[in-house]
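*Asks:* Just dropping this structure here.
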């Protein structure tokens, strides 16, 4: 009723002011007419021969009403204030209604989750007999009283570029999650006075915003998650805050007292990714602007590498740090790194966030993305663990453990047999002899009845001619240029180059000579062993 009474009073006041303004306007017109008549009569008395020496009477607009008070219109000002207040009040009511709906949905979700967890503890036989009789009526906001929620708050200060100007901007990101880390509410906002704001103050501003958001949801138990060590020390009272941060720390302490339970917790940046992104979004919203284009009005940003004004849709965001650069600059940056055999990192000076190849599909050629993804996968798998599908049209790369776990789901006795199923083409092959799966045949019998392909025969012939040796562990071909006969393969398997016998405990298991002087003596007698 209080809200309805306020609405009625505001509307009544607005009507009264409009009526007063209309009445004042009528009085001004009447006053102007009277003044014009008086001036005309006065002129006719003092200048009777007006036909020979006419004097024009002033137009109505030149006569000022004494009630105008130098032209300042207080009624219009009051009407504007009332209109703005009504808009703000409607926005506030809409916000409160949305928060009420969020609270109700959240309470219902918590209620359902707890009831579902309880049902899972009921024995199967009891559920079959009495399951239809179980019920748990919704109890309103009771779940919000006992549930422990998580509040992630992140504040950022960053130097950005808007066209030809460097500016400091700051933003806060807040994510409220339930105990299972399901997001309940996300919020972000720009922070004012970024030029004078330190990173600590931005973190504290974000924390204040996060606690206020939690209070608006009527949450009673929260854990605050922070990734800034000093802010964590300030909030826990372990370190006295600096003079500039004292006011904000005190505000945080006062807000904490409004909860039944409220404790801070220090976590790593990796656990903070979504709140970090919200803070970056708040910063991006301050450095972008609308510009006229052939497609209408589009958001524009300035790339800090080429200083060009780019459509926001053509800006790439680096995962992890969320720095943004245009597609053209990122394409050049990533291609140069890849050509030099390096993984690309964020171009921002000092930033160590890696640029994932998969995320570069927006600006790189898809074939290049596929090739580099394959190379990165090859580099991530140890040599002795690499397995390639033997089917020529597939040749997919997998690790031994990966293909073993995949085959277990469809093949009984996988570990005892050599059968493996390719994850890409889904055909079976033998892990031991690297050929299509031979079912009831042993590897020896299969090789006897199936001579190797022409390409393999040519490779074997070339290996015999060049005296190459094949590692028994990873099947990689090795050529001895110089040095002793003790070979350490790239898969770290050690063997004798002469006969292939394994080396164990730093010694050979065969009686072959360890070296030939012709392989280890170079440059006039200077020994060199590889």
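Quick note: the coordinates plus some simple rules give every number you see, no bench work behind them. Note that the coordinates shown come from a computational prediction; the quantities given were computed from them, not determined experimentally. So basically every Cβ, Gly included, is an ideal-geometry build from the backbone, and we count neighbours across all protein chains shown.
*Asks:* Using all alpha carbons of the range 385-450, what is the percent of pairwise distances in each 5 Å bin, ordered from the shortest bin to the longest?
*Replies:* In order of increasing distance, the bins hold 3, 19, 32, 24, 16, 5, 0 percent.
*Asks:* May I ask you to derive the FRET efficiency for residue 90 and residue 215 from their Cβ-Cβ distance with R0 = 25 Å, giving the value to the nearest 0.05? Provide the component values of the computation, followed by the final result.
*Replies:* On the way: r = 22 Å, r/R0 = 0.90.
The value I calculate is 0.65.
*Asks:* Here's something else I'd like to know. Sort 235, 183 so the one with the fewest other Cβ atoms within 10 Å of its own Cβ comes first.
*Replies:* Working: 235 23, 183 12.
Final ranking by Cβ density, sparse to dense: 183, 235.
*Asks:* Across the range 338-449, what fraction of all alpha-carbon pairs, as a whole percent, falls in each successive 10 Å bin from zero upward?
*Replies:* For the range 338-449, the binned pair fractions read 12, 34, 27, 16, 9, 2, 0 percent.
*Asks:* Enumerate the residues in the range 331-369 having an amide nitrogen under 17 Å from the point lying 7 Å beyond the Cα of residue 313 toward its Cβ.
*Replies:* What the label zone holds, given the 17 Å backbone N cut-off, is 362-363.
*Asks:* P(r) for the range 288-378: what percent of alpha-carbon pairs falls in each 5 Å bin, starting at zero?
*Replies:* Going out from 0 Å in 5 Å bins, the range 288-378 shows 3, 14, 23, 22, 17, 10, 6, 3, 1, 0 percent.
*Asks:* Hey, rough spin-label estimate for residue 464 and residue 126, points 7 angstrom out along Cα→Cβ, what's it come to in nanometres?
*Replies:* 7.5
*Asks:* Counting other beta carbons within 10 Å of each Cβ, put 468, 437 in order, fewest first. List each step's numbers first, then the result.
*Replies:* Details: 468 15, 437 18.
Ranked by crowding around the Cβ, least crowded first: 468, 437.
*Asks:* On to the next question. Give the dimensionless ratio obtained when the Cα radius of gyration of the range 144-281 is divided by 2.2 N^0.38 Å.
*Replies:* Values: Rg = 14.7 Å, N = 138, 2.2 N^0.38 = 14.3 Å.
That works out to 1.03 for the range 144-281.
*Asks:* Order these by the 10 Å Cβ neighbour count, fewest first: 484, 351. Present the calculation step by step, with values, prior to reporting the outcome.
*Replies:* Working: 484 16, 351 13.
In increasing order of surrounding Cβ atoms, one gets 351, 484.
*Asks:* Compute the distance from the alpha-carbon center of the range 352-412 to that of the range 205-261, in whole Å.
*Replies:* 45
*Asks:* If I take every Cα pair under 8 Å that is 6 or more residues apart in the range 288-378, average their sequence separation and divide by the length, what percent do I get for the relative contact order? Walk me through the numbers before you get to the answer.
*Replies:* On the way: 108 pairs, mean separation 15.3, N = 91.
Reported relative contact order: 17 percent.
*Asks:* Related question: Compute the FRET efficiency between residue 401 and residue 374 as 1/(1 + (r/R0)^6), taking r as their Cβ-Cβ distance and R0 = 22 Å, and round to the nearest 0.05. Intermediate values should be presented prior to the final figure.
*Replies:* Numbers: r = 19 Å, r/R0 = 0.86.
The pair residue 401/residue 374 has a calculated efficiency of 0.70.
*Asks:* Quickly work out the residue 450-to-residue 183 label distance, labels modelled 7 Å from Cα along the C-beta direction, and quote it in nm with one decimal.
*Replies:* Here the answer is 5.1 nm between the modelled labels.
*Asks:* Find the Cα radius of gyration of the range 88-215, compare it with 2.2 N^0.38 Å by division, and give the number to two decimals. Could the numbers behind the result be given before it?
*Replies:* Details: Rg = 21.3 Å, N = 128, 2.2 N^0.38 = 13.9 Å.
Taking N as the residue count of the range 88-215, the ratio is 1.53.
*Asks:* Taking the alpha carbon gyration tensor of the range 467-527, what are the square roots of 5 times its eigenvalues, largest first, to the nearest whole Å? Mind showing how you got there, number by number?
*Replies:* Working: eigenvalues 90, 36, 19 Å².
Sorted largest first and rounded, they come to 21, 13, 10 Å.
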